[in-house]
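The values are calculated or read from the model by the stated rules, or taken from the named source; none is laboratory data. In this text the structure is predicted, and so the values were computed from the model without any measurement. Ideal geometry is used to build each Cβ from the backbone, glycine not excepted, and the neighbour counts take in all protein chains shown. Ligands, DNA and RNA are excluded from the accessible area calculation, which covers all protein heavy atoms including side chains. Shrake-Rupley method; radii C 1.70, N 1.55, O 1.52, S 1.80 Å.
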Amino acid sequence: GRPRQTPRRRRPNADAAMKSTTTMPMVLRLALLLAVAASSLTAAQTLYPEDGPVVELTDETFAELVSGNGREAWVIAFHTDGCAPCAQMAPTFTKAARSMEGIVRFGHAHVQTNQAVAKDAGLTKVPTVLGYPAHATANPYTKKSAKQPVEYRNSTSSHKKIADFAASLLPLDLVTRVDSLAALAEARKGELPLALLVSTKADSTSSLYRSLALRFKRRMAFAEVHNSLEDVLAPLGVTEAPLLMAFPVGGNDDQVKHEGEMKAAELIEFLESHAGPVPEDDAPEVHSARKDGKDVGGGGDDASDSSKSSKDGGSSKSKSSKAGEKSMFSLISAEKFEDTVLKSEPVVMVVFTKLGNPECVKRSREVAQALVKLNGQVQMGEVDASDAKSQDIVKKYAPELLSAAAADAADAADAVDAADAATKCLELVIFPHGNEKEESDPETYAGDIETEALSAWIYESVPDFVMTLKAKLVDNFLQQNPMKPKVVLFFAKGEAPQEFVALAANFQNDFAFGVVSASDKANMERFQVTATPAIRLLYIAPPKEGESLGKNVQYSAAAYPAAALLYTQMHQWLQQVQIQVLGKDLGGNAKPAAKKAEPVALVGSPEELEAECGKSGLCVVAFVGQEEGKKREMDEAIIEAVAQAKVDKPFKFVYVDPAAQRSFALAFEVMSSDVPTVTVVSMRKNRFATYRKTFNAERLGDFLDEVLAAKQRTQMIQEIPKLVPGGEEPEAAPEDMAEEEFDLSDIMGEEVSGTKEEKDKRIKQELEEEAAAAAAAAAAGASATDVAAAAAAAIPKDDDDEVGMGRGSGGGGGGGGGSGGSG
């Protein structure tokens, strides 16, 4: 029949995987910085120096500075000893505090020494950043009011995002915009002095001015006018902006202009001298929990499935039944079914329900209640089988519901018995893990609606990405892809519980998961684990921009802060790690949009190179010929593909024309025969590495990864060469070795003229003359030879056989010596 039992997904073979792992060329030393281990209190306090912009808050000071303060918003970082992410966040948090000084207060609280504050905040993890607005919120049930904190759920490595979060805590309704003299006069009719800002912002109020309006609330009214409205400003004698003015009560024209700088401290001092007295009842203003139709909350990563559904196009809950009850599942519309289910990688369980039938809605609620403990572990949703738009989907994945349509038209009691009617109300279908669910075979549930049976059925479809680690395999596990954080569970049974398996399935793209048995005493001691279950997060902090990992890399470690393995808490904990360690921007639990790489610019001068690469960590210089044609298009397409693939890495890509910048290219050992290629240059360290292999996107990407991981040898360069504006002069073309044409008359010194017969006669005569001259010379030579032979016979030989030397010496004597000397 249709229902079938899917065999349990087999675990990856740990032994085989480890044997295939090669030892990496880096030293992986485990630096256990466990949150549960004792560490120096002094070191913890230095996270936020006393004289810095982040104020220390304690159980004793929290109520006065934060809870009872109705004039300032606060952003507070909660931390503890030995928390590596806390330490990493501190500099960024301090920078955000400094940028918002005088606008929003920043504080920090140590959770171990201030447990009352931590308890009231409901903390489940550290670090945690909470924002406290100036107002309190009324509880409609207890009738009590208190400040409701808003959790910051974005990147803790971006001071700009933390500052933006702080600004969002400021009220928006305390500043009135005026656009005419009549509106200004109306603003001055109140019983409070008026502060008027001449602003350069057309449609928004600065966070500084909003904070001033909050600080002087009920002491001063605040208005704002744009500097382009001359009909309002001319009567006031205003000619510059921005400018702050104060108007006294009474409507006279004795306005006072602020003459100092537009900084928080000076503006506060100016307004303090013109504001009214502080009210006797200065407690925080109490707002309704649904003020302006909004619930108080952060809308962040812990958003429920219903909120996700509303973003996805369906309503947050399914249709109301006739009895007034609603389904507890998120509704998946027909338009969103493909993206939400078929193209989603994790396991998805879909309930196909006839929501037009109240009995079916009731049945759907029973299923939801039976699956409460699995909430978040697998994705769940509901398709309305009564909706005409969903009929094609229902026909494909839950056809039995359509076959029962005729029976539903009649009263259930008359058509079939109650149990049979209930069975036909809904179908539970599970879609397996993977992105190609449309080609897979989803499984339909055929058991009872009861927690244990339903849970077992769903868990069988969850793939197991948890590697069982034996004693000697832990080090090999750590050496596999060291930049991927490791989540290691120490468990009594040595086999991971289902909640941890589900966690691994949902986070396997960003983390590697392993389980170590509690019987492995050596690793228990090594990781300072004294009780099970316990989880250790092992990670290598990514290098800062412009820096590489180096050869000696240390693992940092942090402990899961809770004793029980509750899935929701583990899920939230790893989401925080994604933000703080991996730098992910989860954006309120929505998948972040892919970042687009900047266009790669062609640089041709030192100024252009400095503008593009001066502030970057590593400059990737792409030497690509600039001649128009398909070759250039293909080469540039490869560079742009690599730039997109490395958009999150500290690289800046530029083009350089190798023909126009020959000296620049030669400085990096790039010849014309090497083009196209790339050179990675550290502008600050004067080091470079030039790519020498096949020019394609994959290999270029691997080369850049090796440079970043310090696995690629780099060379020192004395100074970064200068690009020549406009390019260098073209190389001179080599001269052709053409044969020179010449005229024989120039060489012979004679004029060649006359007819052919005359030329032949003259040549014959010249030949005869040359022959006669040669014969005369031969006769004269023969006579000279005979005379020389006779003279030689008359000269006696010396005993020492120095014939030449004797003639030479005798040459200095009488008349014969002259002859001999001449000879």
ask   = Under 7 Å by Cβ, and 6 or more places apart or on different chains, what pairs join a residue from segment 232-261 that is within 18 Å of T205 (Cβ to Cβ) and at pLDDT below 90 with one that is open to solvent by 70 Å² or more (accessible area, probe 1.4 Å) and assigned to a loop (DSSP other than H, G, I, E, B)?
value = A241/T200
key: Checking A504 against (1) open to solvent by less than 20 Å² (accessible area, probe 1.4 Å); (2) in contact with a helix residue (DSSP H, G or I) (Cβ under 8 Å, 6 or more places away or on another chain), the condition it does not meet   = (2)
ask   = Among (1) over 13 Å from E359 (Cβ atoms); (2) open to solvent by less than 20 Å² (accessible area, probe 1.4 Å); (3) modelled with pLDDT under 90, which single condition is V429 missing?
value = (3)
inquiry  = Here is a check on your reading of the model: is F165 in contact with an Asp or Glu (Cβ under 9 Å, 6 or more places away or on another chain) and modelled with pLDDT under 95?
reply    = no
query = In segment 158-176, how many are surrounded by 15 or more Cβ atoms within 10 Å (Cβ to Cβ) and basic (K, R)?
reply = 1
query = Could you list, in sequence order, the residues of segment 178-194 that are modelled with pLDDT of 90 or more and more than 18 Å from P235 (Cβ to Cβ)?
reply = L192, P193
message = Restricting to segment 482-539, and then to whatever is among the charged types (D, E, K, R) and more than 27 Å from G434 (Cα to Cα), can you tell me which residue is modelled with the lowest pLDDT?
response = K493
query = Is it true that some residue in segment 332-341 is surrounded by fewer than 18 Cβ atoms within 10 Å (Cβ to Cβ) and part of a helix (DSSP H, G or I)?
reply = yes
remark   = Note on segment 124-143: residues among the aliphatic types (A, V, I, L, M) and either touching a strand residue (DSSP E or B) at 6+ places or on another chain (Cβ under 6 Å) or at positive phi (or both) are V126, V129, L130, A136, A138
ask   = Among (1) among the small types (G, A, S); (2) more than 30 Å from the chain's Cα centre (by Cα); (3) surrounded by 22 or more Cβ atoms within 10 Å (Cβ to Cβ), which single condition is S519 missing?
value = (3)
Residues (within 20 Å of H135 (Cα to Cα), crowded, with 21+ Cβ neighbours inside 10 Å and aliphatic (A, V, I, L, M)) located in segment 104-123 = V104, V117
ask   = Do any helices (runs of 4 or more DSSP H) entirely within segment 420-517 hold 2 or more residues that are free of Cβ contacts under 8 Å to residues at least 24 places away in the same chain, more than 27 Å from I579 (Cα to Cα) and not charged (D, E, K, R), and if so, which?
value = 451-459
message = If I ask for residues that are closer than 30 Å to F511 by Cα, at pLDDT 85 or above and buried (at least 20 other Cβ atoms within 10 Å of the Cβ), which ones from segment 577-618 would you list?
response = V577, L618
query = Would a scan of segment 664-673 turn up a residue that is out of contact with any strand residue (DSSP E or B) (no Cβ under 7 Å at 6 or more places or on another chain), more than 16 Å from C619 (Cα to Cα) and at pLDDT 90 or above?
reply = yes
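Select from segment 356-371 the residues that are part of a helix (DSSP H, G or I) and aliphatic (A, V, I, L, M) and list them in ascending order. Let's see the steps before the verdict.
The first filter runs over segment 356-371 and keeps only residues part of a helix (DSSP H, G or I), leaving 358-370.
Matches in segment 356-371: V361, V367, A368, A370.
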note = Among the residues of segment 242-259, the number that are open to solvent by 40 Å² or more (accessible area, probe 1.4 Å), assigned to a loop (DSSP other than H, G, I, E, B) and on the phi < 0 side of the Ramachandran plot is 8
note = Residues in segment 55-73 that are touching a residue at least 60 places away in the same chain (Cβ under 8 Å), open to solvent by 30 Å² or more (accessible area, probe 1.4 Å) and part of a helix (DSSP H, G or I) total 1
